[in-house]
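Okay, so here's the structure we're looking at.
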Amino acid sequence: MLINLRRSLVAIFAFTVFFGFVYALAGTGVAQLLFRHQADGSITANGSTLIGQNWAAVKCPGHPLGSCVFHGRPDDTGPYAANAKTHSSGGDNPLVANGVSGESGATNLGPRSKALYDNTKALVRYWHALGVNPTADLVTTSGSGLDPDVTPQDALVQVPMVSKATGIPAARLRKLVAKETNGAALGFLGSAYIDVLQLNEALAKLR
Amino acid sequence: MGFFWTIVVLIVLLGLTWRYLGAYMAAVFEGRVQFLAWAERPFYRLLRTGPAEEYEQPWKRYASSTVIFSALFLAFGYLLLRIQGSLPLNPQHFGAVAPALSLNTIVSFVTNTNWQNYGGETTLSYFSQIGVLTVQQFVSAAVGIAAAIALVRGFSRRSSPTIGNFWVDITRCMLYILLPVAFVAGIIVVGQGAVQTLAGPVVIHDALNGVTQTIPRGPAGFMASIMQFGTNGGGFFNADLAHPFENPTAITNLLYIWLTLSIPFALTYTFGKMVKSVRHGAALLAAMVIIFGAWVSFTAYAEHQNTPAVAAAGVHSSVGNTEGKEVRFGIPTSALFNVSMTQTSDGAVDSATDSYTPIGGFGALSGMMLGEVTPGGVGSGLYTILIYAIIAVFIGGLMIGRTPEYLGKKIQAKEVKLAGLGALVMPLVVLVLTAIAVSIHAGRAGPLNGGPHGFTEILYAFTSQGNNNGSAMAGLTGNTAFYNVLGAIDMLIGRFGILIPALALAGSLAAKHVVPASLGTFRTDNTMFIGLTIGVIIIIGGLTFFPAISLGPIVEQLSRGRFF
């Protein structure tokens with residue numbers, strides 16, 4: 001008994017130092033040495049390419065808000081921006097915007113949830129007002145609330161909206177979407193995706 | 001088509017680790033691998049123990065070492081969480097973690113559960129993430145594997161009073177198995193985009209849309225690698241492996257599935273190798289794979305259907321249920337991921353289980369209800385399926401009227417009682433606690449969703465914690481005194497209520513001599529036995545949980561046209 005107490009104390013100390021701090025700090029050192037950009041969060045001039053952003057409030061002179069850029073998943077737009085309570089994680093907006101650090105997380109609304117039904121209806125109305133016939137991705141939220149990507153189809157349905165607001169011909173926008181499409185990893189893993197931030201940066205260059 | 005190749009690649013990868021990691025683990029625990037002996041020796045000297053014969057422990061001493069060590073580590077971790085505000089590595093200046101939440105969190109990590117009632121990036125300092133949580137992701141995994149190896153020694157040893165040395169087993173496990181793989185995997189996931197920094201949050205302004213974001217960061221990548229390899233599952237961020245900073249690409253997503261499944265499956269090879277009959281290990285593997293494959297199939301199929309609420313709102317999808325899923329992973333792989341994490345004790349999520357279709361959510365829930373043996377957690381999966389195998393042998397023996405034997409060890413009243421105890425503790429504690437929660441106000445206040453789904457959220461929470469899984473239907477507000485304390489009880493009983501009977505079995509079996517196999521011996525390495533074991537797993541899980549399931553996912557599936 002006593003010897004086990006003593007052994008436990010020594011082991012707890014040694015394991016905490018070695019498998020906690022030495023492991024994590026050595027890992028941080030190696031990561032910073034080899035992959036500094038990724039280890040720091042893939043930060044580029046306009047934000048992290050891995051963290052989704054809110055594109056719904058972009059001012060487009062003469063056109064509805066947000067109609068001159070491509071949107072990501074509605075993690076923080078539509079009903080989700082107005083009613084932060086639908087986020088289970090303490091009511092935070094998962095897109096840590098405007099200086100307040102929030103929690104990542106999904107809406108956690110069940111498959112037969114009345115709130116999910118109502119929110120989806122509201123998002124469909126939102127998209128129809130912008131002249132877009134939305135895909136499922138554009139009316140459902142992601143698991144992290146931070147999804148930086150959309151599928152090529154999700155971007156293509158927004159092309160008429162963006163074309164109208166920017167005056168760029170639809171054919172050129174479709175070509176842009178194709179150019180910004182990343183194929184499935186290794187050709188078969190997951191699905192093809194477009195990073196919305198990178199797509200909008202490319203769009204800004206086009207204007 | 002992409003999903004087909006994902007499965008093919010995963011099978012090849014797991015086949016390799018089954019054979020070679022399995023053999024390596026057997027060599028580690030039999031003391032045949034020595035290249036880090038220089039690091040082990042001074043540590044053993046400090047503990048006044050070692051791999052020598054004189055330090056071998058009988059099962060009671062092995063079990064008391066496990067319990068005392070875990071209890072003290074629990075107290076130590078609790079203390080660190082309570083004084084978090086005064087400790088370094090805290091760039092966001094988080095204060096002390098509340099008492100009930102500290103209790104739930106530390107129990108959760110000591111028991112290999114990794115249930116998260118806290119929001120990682122808004123509650124815990126880097127010090128706590130590293131010095132409390134990451135340490136336990138090594139230690140709790142090693143404790144589970146050590147117990148499984150002890151039980152394997154119960155079968156492989158003859159007339160032996162001892163079953164190994166706890167201190168040597170956990171040290172060797174962490175040093176030779178967990179550490180090297182987790183470190184290499186950590187480098188890979190960071191290379192793919194996972195964050196690994198101590199620099200604190202970053203504030204960045206986007207000139208294109210005028211949005212200023214404050215983005216939390218931290219040492220997440222290397223935590224993610226060990227949390228998956230040790231089937232822990234509790235990540236740095238609240239969204240866990242759905243968060244792009246922990247699981248940035250479809251490649252890391254597959255890597256995490258492989259890491260999680262590799263030890264639990266490979267331990268069946270280790271078992272076969274150590275008892276000198278790889279066929280017996282392969283029989284257990286077959287039982288695991290058949291159940292696992294069936295669950296992946298129907299869960300992926302269910303998620304390929306539209307979400308009822310979204311479809312009713314007028315949006316139909318050709319890919320399936322996109323609510324709560326990330327674009328980069330795709331839907332079938334998200335379902336595969338979820339089944340992999342709920343049939344091990346991992347419980348990490350890359351998509352929101354709460355938003356799965358009723359049958360998809362049932363796939364995750366029922367995977368845990370089968371006792372997590374297909375393949376189960378690191379170590380806990382093997383010792384629990386061996387408990388089921390003993391029950392299968394007993395039932396088989398009753399049917400043909402012979403004294404049951406497994407690997408030449410007579411299975412007698414004592415072993416059957418211990419196995420029965422090990423198999424019934426989990427359903428008992430899960431169902432009783434669920435019943436308490438739905439009976440009182442503090443429990444009923446928890447669910448986010450209404451109707452049958454709200455009940456499923458509660459049932460899911462206690463099933464997950466009782467199985468030391470940690471997966472959640474995260475709509476449930478678990479960070480209340482009620483759920484924190486009840487959950488802690490659930491996790492402790494679910495862990496030690498099975499681990500201690502398994503060690504007792506190890507002691508009782510090790511003391512027996514081996515009866516040579518004869519023509520009348522009931523074979524335990526053939527198709528018949530695989531079928532019998534699958535039957536025992538499904539029947540025990542099915543009979544105990546069917547009434548509860550029918551109040552949750554089944555009602556929900558049948559409520560066509562109704563929303564709650």
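The values are calculated or read from the model by the stated rules, or taken from the named source; none is laboratory data. Quick caveat: nothing in here was measured; it's all calculated off a predicted structure. Quick reminder, even Gly has a Cβ in these numbers, built from the backbone with ideal geometry, and neighbours come from all protein chains shown.
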Just to be sure, is A:Asn182 free of Cβ contacts under 8 Å to residues at least 60 places away in the same chain and within 29 Å of B:Ala250 (Cα to Cα)? yes
The one condition B:Ala364 fails out of (1) touching a helix residue (DSSP H, G or I) at 6+ places or on another chain (Cβ under 6 Å); (2) without any contact (Cβ under 8 Å) to a residue 40 or more places away in the chain; (3) under 25 Å from B:Ala141 (Cβ atoms); (4) small (Gly, Ala, Ser) is (2)
For the stretch B:54-111, the count of residues that are within 20 Å of B:Gly470 (Cα to Cα) and among the aromatic types (Phe, Trp, Tyr) equals 3
For B:Val315, only one of the following conditions fails: (1) surrounded by fewer than 21 Cβ atoms within 10 Å (Cβ to Cβ); (2) outside any helix (DSSP H, G or I). What is its number? (1)
Residue list for the stretch B:470-498, filter: away from chain A (no Cβ under 14 Å) and among the small types (Gly, Ala, Ser): B:Gly470, B:Ala481, B:Gly487, B:Ala488, B:Gly494, B:Gly497
If we ask which residues in the stretch B:34-67 are in contact with a Pro (Cβ under 8 Å, 6 or more places away or on another chain) and among the aromatic types (Phe, Trp, Tyr), their number turns out to be 1
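For the stretch B:43-52, does any single residue satisfy the condition of being part of a loop (DSSP other than H, G, I, E, B), over 21 Å from B:Leu178 (Cα atoms) and either within 14 Å of another protein chain (Cβ to nearest Cβ) or not hydrophobic (A, V, I, L, M, F, W, C) (or both)?
yes
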Can you pull out the residues in the stretch B:439-459 that are more than 15 Å from B:Tyr483 (Cα to Cα) and not in a helix (DSSP H, G or I)? B:Asn449, B:Gly450
When you scan the stretch B:170-223, how many residues do you find that are modelled with pLDDT of 90 or more and polar (S, T, N, Q)? 4
Suppose we filter the stretch A:139-162 for residues that are modelled with pLDDT of 95 or more and assigned to a helix (DSSP H, G or I); how many remain? 9
From the list B:Thr524, B:Thr544, B:Thr533, B:Thr480, pick out the single residue that is in contact with a His (Cβ under 9 Å, 6 or more places away or on another chain) and either surrounded by 14 or more Cβ atoms within 10 Å (Cβ to Cβ) or among the small types (Gly, Ala, Ser) (or both). B:Thr524
Listed residues B:Thr342, B:Thr322, B:Thr299; which is outside any helix (DSSP H, G or I), in contact with a helix residue (DSSP H, G or I) (Cβ under 6 Å, 6 or more places away or on another chain) and surrounded by 24 or more Cβ atoms within 10 Å (Cβ to Cβ)? B:Thr322
Working only within the stretch B:200-238, note down all residues that are in a loop (DSSP other than H, G, I, E, B), touching a residue at least 40 places away in the same chain (Cβ under 8 Å) and within 7 Å of chain A (Cβ to nearest Cβ). B:Pro201, B:Pro216, B:Phe237, B:Asn238
Name the pairs whose Cβ atoms lie under 6 Å apart, with the first residue in the stretch B:263-275 and within 15 Å of B:Gly408 (Cα to Cα), the second aliphatic (A, V, I, L, M) and not in a helix (DSSP H, G or I), and 6 or more positions between them or separate chains? B:Val275/B:Leu407
Got a sec? Which of B:Phe138, B:Phe109 is surrounded by 24 or more Cβ atoms within 10 Å (Cβ to Cβ), within 9 Å of another protein chain (Cβ to nearest Cβ) and not hydroxyl-bearing (Ser, Thr, Tyr)? B:Phe138
